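The values are calculated or read from the model by the stated rules, or taken from the named source; none is laboratory data. This one's a predicted model, so the numbers in the text were calculated from it and none came from an experiment. Neighbour counts run over all protein chains shown; Cβ positions are idealised from the backbone, glycine included.
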């Protein structure tokens with residue numbers, strides 16, 4: 001824990017929004033107001049939801065807003081209780097103890113990016129896109145989900161960035177074609193994020209992955225970025241070791 005992180009501080013739910021079916025966005029503030037620790041795209045908070053119930057959620061707001069920390073939580077009816085606690089109990093006025101922010105999934109400066117998000121994996125990608133755009137980078141976002149109604153921030157991203165954002169609702173377009181996305185050399189960095197586990201309906205699974213020019217070696221990340229990190233060369237080694245292992249279904 002550093003001086004720039006919260007260590008079990010109690011924050012209040014000042015705002016709550018519903019950007020998509022089954023998704024709640026919480027705006028967390030200090031009870032008496034005041035600045036919160038600075039953070040960068042890719043950072044997360046630990047929410048202490050009860051005895052033995054600690055969950056990590058990516059920050060999805062604007063790093064320039066020092067008064068509010070925003071996290072988006074997807075309800076998982078078959079989960080272990082964390083998301084259900086958030087959806088049922090963390091209403092405006094409720095308090096929650098938090099730790100962080102910490103960043104195990106930082107955005108590295110580059111001239112070009114490919115961002116790929118599956119479902120609630122859009123949460124860390126959203127501020128990354130904003131940061132890349134502000135820096136004048138050449139970027140595009142591919143965003144898949146079960147349906148448009150379940151894809152948080154999809155309409156806002158399309159409205160703000162236009163054709164740089166490609167949406168792939170599974171009920172309209174089928175699964176993301178990962179062979180098409182990653183079969184060609186990428187002159188830049190590739191960041192991807194999706195749900196923690198595969199689902200029976202074939203929606204994107206896996207956690208987080210950052211592919212960048214380098215050695216092609218893969219290694220295990222530390223929580224909450226508990227997927228595969230890998231380096232991407234001109235050969236599609238990254239795709240085979242990272243994407244196919246961590247995403248469900250067969251690319252069409």
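Restricting attention to region 35-46, does a residue exist that is surrounded by fewer than 13 Cβ atoms within 10 Å (Cβ to Cβ), at pLDDT 95 or above and not assigned by TED's automatic domain parsing to the domain that holds residue 145? Before the answer, list the steps.
We begin by selecting, within region 35-46, every residue surrounded by fewer than 13 Cβ atoms within 10 Å (Cβ to Cβ); these are 35, 38.
If we keep only those that are at pLDDT 95 or above as well, we get 35, 38.
Still in the list and also not assigned by TED's automatic domain parsing to the domain that holds residue 145: 35, 38.
The answer is yes; a qualifying residue exists.
If you go through region 60-76 one residue at a time, do you hit one that is over 27 Å from residue 107 (Cβ atoms) and either at pLDDT below 95 or surrounded by fewer than 17 Cβ atoms within 10 Å (Cβ to Cβ) (or both)? Yes, that holds for at least one residue.
Considered as a group, the residues in region 1-29 that are free of Cβ contacts under 8 Å to residues at least 24 places away in the same chain and under 21 Å from residue 87 (Cα atoms) include one that is surrounded by the most Cβ atoms within 10 Å (Cβ to Cβ), and that residue is 17. Taking the conditions (1) in contact (Cβ under 8 Å) with a residue 40 or more places away in the chain; (2) more than 20 Å from the chain's Cα centre (by Cα); (3) under 30 Å from residue 51 (Cα atoms) in turn, residue 111 satisfies each one other than (3).
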